[in-house]
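The values are calculated or read from the model by the stated rules, or taken from the named source; none is laboratory data. This structure is a prediction, so every number in the text was calculated from the model and none was measured. Heads up, the Cβs are rebuilt from the backbone with ideal geometry, glycines too, and the neighbour counts pull from every protein chain shown.
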Amino acid sequence: MKVYPGAPTMKPGDPRTWMWTRALEVLNEAERLQKQFFHVGRSASRRPAWEPPVDIFESEGGLRIVVALPGRSVDRLKVLWEGTDLVISGELPVPWKDRVGAIHRVEIPHGHFERRIEGLPPGLEVVRNEWSDGCLLLTIRKAGGS
């Protein structure tokens, strides 16, 4: 468990102990979710990039990959094969035109993103891509398959 500076020291049996423990658990879970879903990743282009979360489903015919890209269309979307790695990258533009004023909170990622899905079986090809509800949906089949 992460220790927060200024946390009060309490004796076991103190009714405030469980409240403080629960509050720390909630903070740790929020931090874990933030890192899991929208974290800075390694980009082959040497640009800072965030990694969108993906779901990957496999069937007899191939794979279905869902890439969460919240809220808006994507600029300059690229889906490339690098050996057996599938690389999905693009720009998620800032949704406001005038970027003037104080920023109180920015939690939705913007800017360059890149997601590398490593070690897929050889001989796959993207046969369909769709955009639906802020998600890129990729259908991948074995090359030459139906």
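Of the conditions (1) at pLDDT 90 or above; (2) surrounded by 13 or more Cβ atoms within 10 Å (Cβ to Cβ); (3) over 13 Å from H110 (Cα atoms), L77 satisfies every one except a single condition; which number is it?
Unmet for L77, out of (1) at pLDDT 90 or above; (2) surrounded by 13 or more Cβ atoms within 10 Å (Cβ to Cβ); (3) over 13 Å from H110 (Cα atoms): (1).
Going through segment 92-120 one residue at a time, which ones are exposed (fewer than 15 other Cβ atoms within 10 Å of the Cβ) and touching a Leu at 6+ places or on another chain (Cβ under 9 Å)?
I108, G111, E118, listed by residue number.
Quick one: is D55 at pLDDT 75 or above and either on the phi > 0 side of the Ramachandran plot or surrounded by fewer than 14 Cβ atoms within 10 Å (Cβ to Cβ) (or both)? Show your work before the answer.
On the way: at pLDDT 75 or above: yes; either on the phi > 0 side of the Ramachandran plot or surrounded by fewer than 14 Cβ atoms within 10 Å (Cβ to Cβ) (or both): yes.
For D55, the condition - at pLDDT 75 or above and either on the phi > 0 side of the Ramachandran plot or surrounded by fewer than 14 Cβ atoms within 10 Å (Cβ to Cβ) (or both) - is met.
So, in segment 102-146, of the ones that are part of a strand (DSSP E or B) and charged (D, E, K, R), which residue ends up modelled with the lowest pLDDT?
My answer is K142.
Just checking, which of R22, R99, R64 is of a type in the set (K, R), outside any loop (DSSP other than H, G, I, E, B) and at pLDDT below 80?
Result: R22 is the single residue among R22, R99, R64 that is of a type in the set (K, R), outside any loop (DSSP other than H, G, I, E, B) and at pLDDT below 80.
Take segment 67-95 and flag every residue that is assigned to a strand (DSSP E or B) and either among the small types (G, A, S) or closer than 13 Å to S132 by Cα (or both). Working first, answer last.
At the first step, the residues of segment 67-95 found to be assigned to a strand (DSSP E or B) are 67-68, 75-82, 85-92.
Result: V67, A68, S89, G90.
Testing S43 on (1) assigned to a loop (DSSP other than H, G, I, E, B); (2) at pLDDT 90 or above, one condition comes back false. Which one is that?
Of everything listed in (1) assigned to a loop (DSSP other than H, G, I, E, B); (2) at pLDDT 90 or above, S43 misses just condition (2).
Report whether or not V126 is under 22 Å from A143 (Cβ atoms), under 16 Å from the mean Cα position of the chain (by Cα) and in contact (Cβ under 8 Å) with a residue 24 or more places away in the chain.
Against the criterion (under 22 Å from A143 (Cβ atoms), under 16 Å from the mean Cα position of the chain (by Cα) and in contact (Cβ under 8 Å) with a residue 24 or more places away in the chain), V126 does not qualify.
Of all residues in segment 59-74, count the ones that are of a type outside the set (S, T, Y) and either under 17 Å from V127 (Cα atoms) or loosely packed, with under 10 Cβ neighbours inside 10 Å (or both).
8
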